[in-house]
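Below: the structure, in structure tokens.
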Protein chains: 2
Amino acid sequence: MKIGILGGGQLGRMFIQNALKYDDEFYTLDPSIDAPCHNISHFVQGDFNDYDTLVAFGRDKDLLTIEIEHVNVQALETLENMGVKVIPCPMIIKTIQQKILQKKFYQEHHIPSPHFQIVASRAELNLALPFVQKINMGGYDGKGVQIIRTEKDLEKFWEEPSVVESLVDIEKELSVIVARNESGETMTFPVTEMIADPELNLLDFNICPASVDKEVLSQIDAIAQKFLEVVDSPGLFAIELFLDKKGKVWVNEIAPRLHNSGHQSQEGNANSQFEQMYRVLKNMPLADTDITAYSGMVNLVGAAGFTGKVKYNGLQQVLKLPKTYIHLYGKQQTTPGRKMGHINTLADSREELVEKLKKIKEIIEVRAE
Amino acid sequence: MKIGILGGGQLGRMFIQNALKYDDEFYTLDPSIDAPCHNISHFVQGDFNDYDTLVAFGRDKDLLTIEIEHVNVQALETLENMGVKVIPCPMIIKTIQQKILQKKFYQEHHIPSPHFQIVASRAELNLALPFVQKINMGGYDGKGVQIIRTEKDLEKFWEEPSVVESLVDIEKELSVIVARNESGETMTFPVTEMIADPELNLLDFNICPASVDKEVLSQIDAIAQKFLEVVDSPGLFAIELFLDKKGKVWVNEIAPRLHNSGHQSQEGNANSQFEQMYRVLKNMPLADTDITAYSGMVNLVGAAGFTGKVKYNGLQQVLKLPKTYIHLYGKQQTTPGRKMGHINTLADSREELVEKLKKIKEIIEVRAE
């Protein structure tokens, strides 16, 4: 089957890497000539936000999917009308692309998400400080999102259509990856716990299973089941969650694709999110997601102050650790905060896992030559 | 690093698939334009047995390795002299290519292998029936090997330089995969047990760990350690073994490369043979090879009577089995006996494993459209 992927980044790369177990042909579309998928697929350089480019790329494919949600949805709708299968459905991509539609979707389906207001300018604000501003379109990896804590912060308010959201008093950030195939079969991954680096606003550590009580798990399960019931599209989705200090779970955002919070599934679960995504695309029986051990992930991001040809310090030392797996993304150039790879590790207990993760974090450095 | 691989078959494909976790560039040389590595590496169509072709392919690489041992060794020696790193060393490839040198190597190093005679013609024969004839060069996947049981069988004796070997009264066929890096570090995989289909003479089932007693394991360990001590080359090697009915272990053959008997390591061990091979090439710390479960493999070979575009029956049903992993090789055309892929499965006990393997074997069929 000819499978086209919009975006040629690391998510696409790891997806294709896993899917080489099967007999498909992969095509990727990305604006960057040295995208991680460049050498391992039929690569087309181009802008997946451009209607004509996307239609030209997609028209001869059997199936189209995404590894980034900021794509031209109108083009996807055109392609769908031409008979190209698109997973997930253009409608759910559109809903998630636009923060306003996303919030309305949660509201409509009684999926708990923080209290919010839709505004186009500061003048319309009617929400108590502190709050989060999320611009309606174009936010990604923490961009287009800011926290407004004080009256002074209000000066940096972006004057454009946005969702403003009450700040959750966060105890933990959690994530659950869920999947649904065309036949309607569904499967969820065990809940993971994320620990973010506040400066970069990028995922940093990732631990699975999350250390939360049954009551919390049951709230998460209810959210996952509700979402899978109402989503009306095959796909793999990452539901990003906040657990507040009172024990209540809120949906922060949902990504309609593979997600950084699921990377530890490559070795920590019976099957990874990448395998599950493949099975969704092919409408195969969904894969079992059992935990094989305590698993965790450290992101490898470019260190501050270094730009240029990447050099990893400490890789050899990390490779000496048992059950530790390095995943680099084939990126030649590092810049501060750029996601260059990640390291997964397994352990027999959470304590051992945290020790290993800290050690890895200490050992490894992503610098320039 | 620019890594060249001689051969673009499934072993190369799975090697590259795993190595996409790192940042190298892969180049493959294979006579077949639709070789499994074609679309996932810089592919050169050409004959790795041709001196000029191999030198031209290898001269600008940082490192060369093999996924098949029937390559032009003289060209590898030339490349080595030009400063290209070749792993494993040309000398050990040459020793293994030539069955006569291989047997002498075992004899010299007191590695137990069946009693043999070197002959160029039937007239020189001085070995009791039954015996195995192995032609000196060019044998592969059971070709160039025949069993001579009776006086009548002697009529089909190949009149060319050969090793003739006393037939071992085989209780079990076993295999151990061993690795050595340039720094001299060594690592062995747990012993696997093979069950062959006598008609095709291709590996059929593969079970790990092997069900053998401590005394047998200790003989195997002695063989592995002795080989790693004397081999004088970095590399990953598959030692194919016979356990006879009296409990003695004999070396059948050694392959200087990735091997079908190690495929279950993809999910059955903390790290696979493919990861270990990568670490050998890069002189990295060798990977831990701990068993994660009872693991087994079924080869998917083209069914008799079917030639043409491949069609797998039963894949969907196999995918419903927990902890079961399909690995196809990207081959479009099936012929009787062609290795098209394999299926790995994990279990909590040997009994459960054998049941699963039998079930898979029953379900799956490799036919033509």
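The values are calculated or read from the model by the stated rules, or taken from the named source; none is laboratory data. Quick caveat, the model's predicted, so the values are computed rather than measured. Don't worry about glycine lacking a Cβ; one is built from the backbone with ideal geometry, like all the others, and counts go over all protein chains shown. These accessible areas exclude ligands, DNA and RNA; they are computed on the full protein's heavy atoms, side chains included. Shrake-Rupley method; radii C 1.70, N 1.55, O 1.52, S 1.80 Å.
Here are the numbers for this structure:
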| item | result |
| --- | --- |
| Candidates B:16, B:40, filtered to the one that is at pLDDT below 95, touching a helix residue (DSSP H, G or I) at 6+ places or on another chain (Cβ under 8 Å) and either open to solvent by less than 30 Å² (accessible area, probe 1.4 Å) or hydrophobic (A, V, I, L, M, F, W, C) (or both) | B:40 |
| Residues located in the range B:329-365, provided they are over 20 Å from residue B:192 (Cα atoms) and within 12 Å of another protein chain (Cβ to nearest Cβ) | B:329, B:330, B:331, B:332, B:333, B:334, B:340 |
| Matching residues, the range B:9-62, being of a type in the set (A, V, I, L, M) and either more than 21 Å from the chain's Cα centre (by Cα) or in the same structural domain as residue B:272 (by TED's automatic domain parsing) (or both) | B:20, B:33, B:40, B:44, B:54, B:55, B:56 |
| Residue list for the range B:114-139, restricted to those being open to solvent by 40 Å² or more (accessible area, probe 1.4 Å), more than 13 Å from residue B:162 (Cα to Cα) and touching a residue at least 40 places away in the same chain (Cβ under 8 Å) | B:115 |
| Boolean, residue A:78 is more than 14 Å from every other protein chain (Cβ to nearest Cβ), at pLDDT 95 or above and out of contact with any strand residue (DSSP E or B) (no Cβ under 8 Å at 6 or more places or on another chain) | yes |
| Tally, over the range B:223-250, of residues that are of a type in the set (Phe, Trp, Tyr) and in a helix (DSSP H, G or I) | 1 |
| Unmet requirement for residue A:326, which otherwise passes all of (1) crowded, with 22+ Cβ neighbours inside 10 Å; (2) within 12 Å of chain B (Cβ to nearest Cβ); (3) β-branched (Val, Ile, Thr) | (1) |
| First in the range A:37-60 and over 30 Å from residue B:28 (Cβ atoms), second anywhere and in a loop (DSSP other than H, G, I, E, B) and of a type in the set (D, E, K, R), Cβ under 6 Å, 6 or more apart | A:53/A:47 |
| Matching residues, the range A:287-300, being more than 9 Å from chain B (Cβ to nearest Cβ), closer than 21 Å to residue A:183 by Cβ and open to solvent by less than 10 Å² (accessible area, probe 1.4 Å) | none |
| Selection from the range A:219-267 of residues that are hydroxyl-bearing (Ser, Thr, Tyr) and closer than 24 Å to residue A:166 by Cα | A:261 |
| Identity of the residue in the range A:88-113, touching a residue at least 60 places away in the same chain (Cβ under 8 Å) and within 16 Å of the chain's Cα centre (by Cα), that ends up nearest to residue A:145 (Cα to Cα) | A:99 |
| Residue A:346 being outside any helix (DSSP H, G or I), over 27 Å from residue B:187 (Cα atoms) and at pLDDT 95 or above | no |
| Meets criteria (closer than 22 Å to residue A:182 by Cα and of a type in the set (S, T, N, Q)) for residue A:271 | yes |
| Any strands (runs of 3 or more DSSP E) falling wholly within the range A:1-98 and containing at least 1 residues that are in contact with a Leu (Cβ under 9 Å, 6 or more places away or on another chain) and hydroxyl-bearing (Ser, Thr, Tyr) | A:25-30, A:63-66 |
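Residue by residue, here is whether (1) without any contact (Cβ under 8 Å) to a residue 60 or more places away in the chain; (2) open to solvent by 30 Å² or more (accessible area, probe 1.4 Å); (3) in a helix (DSSP H, G or I) holds:
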| position | (1), (2), (3) |
| --- | --- |
| B:160 | yes, yes, no |
| B:163 | no, no, no |
| B:177 | no, no, no |
| B:183 | no, yes, no |
| B:211 | no, yes, no |
| B:216 | yes, no, yes |
| B:221 | yes, yes, yes |
